[in-house]
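Here the structure is laid out as structure tokens; the discussion comes afterwards.
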Amino acid sequence: MGQTWERISSALHGDYTIFRVREDVCRSPRTGTPHQFFVLESPDWVNVVPITPEGKLVCIRQWRPGSDTLELELPGGVIDPGESPAEAAERELREETGYVPAALTLMGSMAPNPALLDNRCHFFLARGVKPMQAQELDCAEDIAIKLVEVDDVPRLIHDGIINHGIIIAALYFYKLYKHRRGHDRNGTSIKTEPAEAVAPED
């Protein structure tokens with residue numbers, strides 16, 4: 001049975017803006033031996049599943065330095081200091097796509113990689129999204145918008161066109177959310193507009 005390890009010491013090794021590197025020395029509860037671990041401290045993230053009134057999924061395509069390729073993804077990013085996850089989700093959606101939601105719903109959250117990272121990623125469903133403004137891209141962003149049929153998502157994942165693990169997790173949370181709503185119609189509404197402005201769920 002797994003047990004929590006005792007942290008003996010902790011030291012910061014570097015601050016790289018998007019994350020900090022921390023070294024922990026922790027003692028094994030099984031052997032009593034101390035071991036060295038490195039942790040990436042990072043702010044929480046958000047990802048948004050935006051659905052248009054016509055039932056299309058608003059995706060973005062951008063180059064990623066880690067894979068050195070263009071990736072088909074969902075809008076998202078880092079939660080800024082002082083922001084709630086919902087505020088960050090709406091801001092990232094607006095900045096990266098120019099789309100604004102009629103309703104924003106928290107579907108859940110997860111630890112992106114608890115072996116290395118100490119943060120969480122929060123997944124939001126944005127319904128009834130419409131293009132209301134131009135993109136607000138920063139100098140390190142070059143983002144194209146692509147509308148995708150929701151029914152095409154399994155094929156896009158299978159074929160490696162949607163390749164980003166956290167994006168696949170967000171889409172799975174959306175699948176779970178739709179399944180749950182189909183049974184009990186419950187959800188945590190963060191922002192709502194009049195019912196006629198909210199797209200019917202597919």
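The values are calculated or read from the model by the stated rules, or taken from the named source; none is laboratory data. Keep in mind the model is a prediction, meaning the values are calculated, not measured. Here the Cβ is made from the backbone with ideal geometry for all residues, glycine too, and neighbour counts use every protein chain on show. These area figures cover heavy atoms from the full protein model, side chains too; ligands, DNA and RNA do not enter into them. Shrake-Rupley method; radii C 1.70, N 1.55, O 1.52, S 1.80 Å.
Contact map, the range 106-125: first residue over 26 Å from Arg94 (Cβ atoms), second residue basic (Lys, Arg) and buried (at least 17 other Cβ atoms within 10 Å of the Cβ), Cβ cut-off under 6 Å, separation 6 or more or different chains; pairs are Ala111/Arg120.
Answer yes if at least one residue in the range 6-16 is more than 30 Å from Asp151 (Cβ to Cβ) and either of a type in the set (Lys, Arg) or open to solvent by less than 40 Å² (accessible area, probe 1.4 Å) (or both), and no otherwise. Checked the range 6-16: at least one residue is more than 30 Å from Asp151 (Cβ to Cβ) and either of a type in the set (Lys, Arg) or open to solvent by less than 40 Å² (accessible area, probe 1.4 Å) (or both). Just one of the numbered conditions (1) under 30 Å from Phe37 (Cα atoms); (2) open to solvent by 10 Å² or more (accessible area, probe 1.4 Å) is not true of Cys121: (2).
Sub-6 Å Cβ pairs linking a first residue in the range 68-81 that is in contact (Cβ under 8 Å) with a residue 40 or more places away in the chain and over 21 Å from Val129 (Cα atoms) to a second residue that is among the polar types (S, T, N, Q) and open to solvent by 70 Å² or more (accessible area, probe 1.4 Å), at least 6 apart or interchain, are Glu71/Asn163, ordered by first then second residue. Looking only at the range 96-118, count every residue that is part of a strand (DSSP E or B) and either open to solvent by 10 Å² or more (accessible area, probe 1.4 Å) or under 25 Å from Ala140 (Cα atoms) (or both) and tell me the total. Of the residues in the range 96-118, 8 are part of a strand (DSSP E or B) and either open to solvent by 10 Å² or more (accessible area, probe 1.4 Å) or under 25 Å from Ala140 (Cα atoms) (or both). If you go through the range 132-144 and pick out every residue that is closer than 23 Å to Ser84 by Cα and open to solvent by 80 Å² or more (accessible area, probe 1.4 Å), you end up with 3.
The residues in the range 37-63 that are open to solvent by 10 Å² or more (accessible area, probe 1.4 Å), touching a residue at least 60 places away in the same chain (Cβ under 8 Å) and not in a loop (DSSP other than H, G, I, E, B) can be counted, and the count is 10. Would you point out the residue of the range 79-95, among those that are touching a strand residue (DSSP E or B) at 6+ places or on another chain (Cβ under 7 Å) and more than 26 Å from Gly160 (Cβ to Cβ), that is most open to solvent (accessible area, probe 1.4 Å)? My answer is Arg94. In a residue-by-residue description of the range 145-159, the property of being open to solvent by 40 Å² or more (accessible area, probe 1.4 Å), part of a helix (DSSP H, G or I), among the β-branched types (Val, Ile, Thr) and without any contact (Cβ under 8 Å) to a residue 60 or more places away in the chain applies to at least one position. Against the conditions (1) farther than 22 Å from Leu104 by Cβ; (2) open to solvent by less than 60 Å² (accessible area, probe 1.4 Å), Arg27 satisfies every one except (2). Scanning the range 64-77 for residues being hydroxyl-bearing (Ser, Thr, Tyr) and buried (at least 23 other Cβ atoms within 10 Å of the Cβ) gives a total of 0.
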